[in-house]
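In what follows, a structure is listed as structure tokens, so that the remarks can point back to it.
The values are calculated or read from the model by the stated rules, or taken from the named source; none is laboratory data. Here the structure is a predicted model, which means the values were calculated and not measured. A quick note on method: Cβ atoms are made from the backbone with ideal geometry, for glycine too, and the neighbour counts reach across all protein chains shown. Ligands, DNA and RNA are stripped out before the accessible areas are found, and what is left, the full protein with its side chains, is counted by its heavy atoms. Shrake-Rupley method; radii C 1.70, N 1.55, O 1.52, S 1.80 Å.
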Amino acid sequence: MMTEESCWICLSGAEVHQPLQRPCSCPRYVHRTCLGRWQLQCAGRRDEFQCRFCGATLPRLDETLTPPHLREVHVIPYIAVIYKGECFKVPIKPGTEGMAEFRARVKCLFGMSHDAEFHVSFECASPSGEILNLDGMECFNAAATCATISAAKRAVGEDAGFTWDERMTV
Ligand SMILES: [Zn+2]
Ligand SMILES: [Zn+2]
């Protein structure tokens, strides 16, 4: 008799649209989207990028979090940056390089010097629709990933008339 494997996060088994996978060397299984939600909750911390038990690098958040039908939707996402009560839509891309570009852009936009430090917090919609507060620039990758998914949902008309802009307050 075959043993039924189950997801270490939601405890359900494999389903047609949700196969189980092993993202690292640990002997345990997870659904891709369950892992993505976990990584999003750990945004900016080591657990977003690395398995805390075996140390393996986890799949990128955009791979685990983006619903498959939205992956081929290519639109430029943006983050609404709120600074002194004004709102500026800044185009972004996830990843380390994207974060460096974003920081430079924000500093340029507000006339800050290139070595200026500033504190930010992000408000993001997770793919399941809940709004998360992510604190600190180290959460940029997670915020950018949510913004990319939101932009794709808007492009295919899946936002159900509710337009959410990922936003960042400086
Ligand atoms: Zn699961
Ligand atoms: Zn592991």
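Listed values, structure above:
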quantity	calculated
Sequence-distant residues sharing a close amide H with residue 167 (under 5 Å, placed H)	80, 123
Efficiency of FRET between residue 17 and residue 112 - r from beta-carbon atoms, R0 41 angstrom, step 0.05	0.35
Cα-based Lys pair tally, the chain, threshold under 17 Å, eight or more apart or on separate chains	4
Charged-residue dipole, Cβ positions (Lys, Arg, Asp, Glu), the chain about Cα centre, Debye nearest 20	200 debye
J(HN,Hα) series, region 62-70, from Karplus relation 6.51 cos²θ - 1.76 cosθ + 1.60, nearest Hz, glycine and proline x	5, 6, 7, 9, 6, x, x, 6, 9
Mean-position separation - Cα centroids, region 99-141 and region 3-65, in angstrom	25 Å
Those chymotrypsin sites (Phe, Trp or Tyr not before Pro) in region 119-170 that DSSP places in a loop and that have at most 14 other beta carbons within 10 Å	162
Ordering of 142-149, 11-18, 126-133, 44-51 by packing [mean C-beta count within 10 Å, highest first]	142-149, 44-51, 126-133, 11-18
Cα convex hull of region 1-65, projected area averaged across orientations, nm²	4.6 nm²
Solvent-accessible area per residue for the chain (1.4 angstrom probe, square angstrom)	57 Å²
Over 20 Å [Cα-Cα, the chain], rounded percent	55 percent
Accessible area of the chain belonging to carbon and sulfur atoms, whole % at 1.4 Å probe	54 percent
Computed over the chain: relative contact order in percent, which uses C-alpha pairs under 8 Å that are six or more apart	21 percent
